[in-house]
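The block underneath contains the structure these notes are about, expressed in structure tokens.
The values are calculated or read from the model by the stated rules, or taken from the named source; none is laboratory data. Just so we're clear, the structure is a prediction, and the values are computed from it rather than from any experiment. Methodologically, a virtual Cβ is constructed for each residue, glycine included, from the backbone with ideal geometry; neighbour enumeration extends over all protein chains shown. To get the accessible areas, we keep the full protein, side chains included, count just its heavy atoms, and leave off ligands, DNA and RNA. Shrake-Rupley method; radii C 1.70, N 1.55, O 1.52, S 1.80 Å.
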Amino acid sequence: MITNSRKYRGAYALLGLSLLLVCWAAPSSAQVGNSGSIEGVVKDPSGSAVANASIEVSNPVSGFSREVTAGSDGAFRITNVPFNPYHLVVTAAGFAAYTQDVEVRSVVPTTVQIGLKIGTANTSVTVEANGSDLVETESTFHTDVDRGLFQRLPLESASSSVTSLITLTSPGVAADSNGNMHGLGDHAQNSFSVDGQPITDQTSKVFSNQIPVDSIQSLEVISGAPPAEFGDKTSLVIKVTTKSGLGVNQPTGSISTSYGSFGTANAGFDLAYGNQKWGNFIAANGLKSGRFLDPPEFQAIHDKGNQVNVFDRVDYQLTSKDTVHGNFQYTRSWFQTPNTFDNLNVLDPNGNNLGQTDERSKISTFNIAPTWTRLISSSAILNAGAFVRRDQYDYYPSENPFANFGPINSETIAQNRKLTNAGVHADVSYVKGMHNVKAGVLYEHTFLDENDHLGIIDPTLLPGTTDDAGLPCFDGGTNTAVPGTPCATLLPIDLTRGGTLFNFLGHTDVKQFAAYFQDTITKGNWSFNLGIRGDVYNGLSSARQAEPRLGVAYNLKPTNTVLRISYARTLETPFNENLIIASTGCNYPVIAALIPCVPAGSPAGFRNEFHAGLQQAFGKYLVVDGEYIWKYTHNAYDFSVLGNTPITFPIDWHNSKIPGFALRASVPNFHGFTALVVMSSVAARYFPPQVGGLGVTVGQGGSVFRIDHDERFNQTTHLQYQSWKRGPWVGFNWRYDSGLVAGSVPDFATALSFDADQQSAIGLFCGNTFATLSAPLTGCAAGSPRGATRIQIPADGTENDDKNPPRVTPRHLFDLSVGDDNLFRGDRYKWSLRFTVINLTNKEALYNFLSTFSGTHFVSPRSETVELGFHF
């Protein structure tokens, strides 16, 4: 057991410091985190202020659009603007329309001076982009998505809608079950930056709770080489800008409720209110569903779940120098572990029917993140903040432990796990001339607690266990174990033979410090991103790394073409979830006997990644952005599972090579029609030996293999149409996935060894005969057509873990959403109605099958949802 008598004292000290900053600081107009502001004064030819002028800024690619009205002094300010280039249009009665391109690349306010010319009165102006507005002279490949796009995007999962959104709108992301996403060939090497707060822990349904999608104003998903300000898990960096109530003089919000297939019901509200000095935004929702997780059967069995989510953002300003901003979140989810047909009538060792397996989970998450911003000068801003985030995960087995027994369950497990992450950060941004400089420091302290209870419930496990020489180590006749063998170690926790549960209890701290400096230099058509980052990691292993970052972009303005290359060196650290048992489990004889062990510890690694890309605008209605990726990682991480339990933990391979490409094409608004296409092909080649974590079976042959998140090709096409600005709309998704690697089915003979439920799950067939729950296949005559409908099984003798691994069968999925945002054409108060269909054709397909990491999961069957909303 690893202990620390001061346990959470550091977390509470950091939280106390953050609250002290909030109470001491006087608030302001400066921005925090991932957004900036545009401000200025509208004047006439004589230099006098023009009151009540209309100012609109928009980005045709991301879909961002915001409109404000100048005050009596001609002054205006647009806050919470994500970093991007924008097209600005100013109109006022009696004056000609004024247009200007504006770049927002820093929290330092962007100031524009607007001089209107006398002209014809304009009552309306159509904001249209040209080719130059569609491209960015930026060396980092990224995808910008604003609410104008994603609020009408059909999303599969209400409980993990953020990762569903990222999977559909960002190239290079392979979809997996339960909200998991594999970003550019990696599993869980993704991080979030929510208003500047770093979150590097996993946020899928079975690890943590996500921020509600209703609270998000915009996303920037960085798929290219990460700038120096981002470290740790950077294969995919998701910058989130949340909604704000600052400047909302009249309270606005919505109340919505929905009901759909599987008894899925959702109710929520959001409200923004404030003035020019302060603002508050709050979003809350409750969800219940009969298909909360992606089950191991196409039919949802024992799959109920519910979730409550509350998010609140507070902005407060008093002077022009200081600002206080705070994010607060609490989320609680409860859900059952879905059953297979094999889990419906479980028999105990005496043949008694115990009913169905009843395993459940509960995850509680809270997050507090205050930030103080100081406007040093018109060119410089200081940000200082703190955060405390905690996830508590509880796993509950069936009341009768033997009811957990099944074809894939040999053990019963209970778990209570806590992950508390506390930290402070500070950075200075400076913009002057061609330089956009940012320098900062970050300190994080992560407290890990793991409490596991484990017991054997399979009476055949010990009789089937052998010693190192391959000899039986258990005498079934006398229920005795040969001393010094695995059976002797495991016999005390064999509940079928009078044993008791084994308790694993661990606590440890992980401390991380980082400092960085970066400068974006813009000179003519060139842009240079230069940076250096230093990371110090001190957990169950230790590492230090200097990480240079470099990016170059060139804009060929006559053709609206941007060429770019970039490089990044990054420190790779282990996942925090179940890190203690993964790193120290081999020191416990019971765990070492239950699962093969490798040298203890999860050593940190490093990565070199190279990117080359091109962005091209075709006229003003199409922009294409592509990137080639090559990543080499020494000590590459993935996940495995402890025996046949729900405990997943990090493992570490000697190295990995990840090459591939990602591409995005966007059609900005064209007479009410918009389109987004993302596609990618990313390989994930891993090289033994395993150097950290508990043992696994995959890849132990010594040759290179494709990890289960390797995918040859995937693409998403999203089409959206609205006939006129206030009319009904329709949104349509087409998602194609070529299939993840399914290493558990290397040949047809292996498939014949599966039980009836597993064979029917993959659609195993011989000739015209298909495996069913009551009649599994036991053989197949030579020469007969054979295979599986949901798994691509290599022909006999052709399987190769690198060149020809088994894969999930390719699938096409279609989603549709239609709605009207203003049913009764109201002005102040509006009613909305929306109808969504997921998996329109009711395609039966797998995400994965007997995955070393997560088991078997089906995609969602066809599901319909109706949502009614009231907006004010």
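Quick one: how many Å² of Arg497 are accessible to a 1.4 Å probe, rounded to 10?
It works out to around 70 Å².
Treating cross-link reach as a plain straight distance, find the aspartates and glutamates whose alpha-carbon is under 19 Å from the alpha-carbon of Lys511, omitting any fewer than eight places away in the same chain.
Lys511 reaches Asp201, Glu229, Asp232, Asp391, Glu444, Asp449, Glu450, Asp535, Glu547, Glu572, Glu577.
When ligands, DNA and RNA are left out and all protein chains stay put, how many square angstrom of accessible area per residue does the chain have with a 1.4 Å probe?
So the chain comes to 37 Å² accessible per residue, rounded to a whole number.
Pairs of alpha-carbon atoms within less than 8 angstrom and 6+ residues apart define the contacts here; what relative contact order does region 390-472 have, in percent?
The normalised contact order for region 390-472 reaches 31 percent.
For the residue pair Leu868 and Ser378, what label-to-label distance in nm results when each label sits 7 Å from Cα along the Cα-to-beta-carbon direction?
With each label placed 7 Å out from Cα toward Cβ, I get 5.4 nm.
Check which residues have an amide H placed less than 5 Å from Ala845's amide H, if you skip close sequence neighbours.
Val859
Around Asn529, what is the net charge, scoring Lys/Arg as +1 and Asp/Glu as -1 over all other residues with Cβ under 13 Å from its Cβ? It would help to have the intermediate numbers written out before the result.
Details: positive: Arg105, Lys438, Lys523, Arg533, Arg549, Arg564; negative: Glu136, Glu138, Glu229, Asp519.
Combined, the nearby Lys, Arg, Asp and Glu give +2.
For region 606-613, what does the Karplus curve 6.51 cos²θ - 1.76 cosθ + 1.60, with θ = phi - 60°, yield as ³J(HN,Hα) per residue in whole Hz, taken in order and with x for Gly and Pro?
After applying 6.51 cos²θ - 1.76 cosθ + 1.60, I find 9, 9, 10, 10, 10, 9, 9, x Hz.
Summarise the accessible area of the chain (1.4 Å probe, protein heavy atoms) by the percent that is carbon and sulfur. Display every interim value, and only then the final one.
Values: 18900 of 32570 Å².
Answer for the chain: carbon and sulfur cover 58 percent of the accessible area.
For Leu246, enumerate residues with amide H under 5 Å from its amide H, sequence gap 5+ or separate chain, H modeled in the peptide plane.
Asn280
Report the accessible area of Phe618, computed with a 1.4 Å probe over the heavy atoms of all protein chains in place, in Å² rounded to the nearest 10.
Here the residue's solvent-accessible area equals roughly 110 Å².
When all protein chains stay in place, what accessible area (Å², nearest 10, 1.4 Å probe) is found for Asp449?
Counting only protein heavy atoms, the figure is 20 Å².
Which shape class applies to region 247-387: rounded if a/c is under 1.5, otherwise prolate when a/b exceeds b/c and oblate if not, where a ≥ b ≥ c are the square roots of the Cα gyration tensor eigenvalues?
It comes out prolate by the Cα gyration axes.
Please compute the contact order of the chain in relative form: average sequence separation of alpha-carbon pairs under 8 Å and at least six residues apart, divided by the residue count, as a percent.
Computed over the chain, the figure is 11 percent.
Loop only by DSSP, 16 or fewer other Cβ within 10 Å of the Cβ. Give me the GluC sites (Glu not before Pro) in region 374-449 that pass, ordered by residue number.
Within region 374-449, the qualifying GluC sites (Glu not before Pro) (loop, at most 16 other Cβ atoms within 10 Å) are Glu399.
Modelling each spin label as a point 7 Å along the Cα-to-Cβ direction, I'd like the Asn306/Tyr567 distance in nm, to one decimal.
Simple spin-label model gives 5.6 nm for this pair.
Over region 242-330, what is the mean sequence separation of C-alpha contacts under 8 Å (at least six apart), divided by residue count, expressed as relative contact order in percent?
Once normalised by length, the contact order is 25 percent.
Report the Cα centroid-to-centroid distance between region 701-740 and region 318-378 in angstrom, as an integer.
After rounding, the separation between the Cα centres reads 26 Å.
Divide by every residue of the chain the summed helix terms, -39500 (n - 2.57) for each DSSP H run of at least 4, and state the resulting mean residue ellipticity at 222 nm, rounded to the nearest 500 deg cm²/dmol.
Mean residue ellipticity at 222 nm (helix-derived): -1500 deg cm²/dmol.
Heavy atoms only, 1.4 Å probe, whole protein assembly: order Tyr98, Tyr273, Tyr316 by accessible area, highest first. Mind dumping the intermediate values first?
Values: Tyr98 50, Tyr273 75, Tyr316 110 Å².
Accessible-area ranking of Tyr98, Tyr273, Tyr316, largest first: Tyr316, Tyr273, Tyr98.
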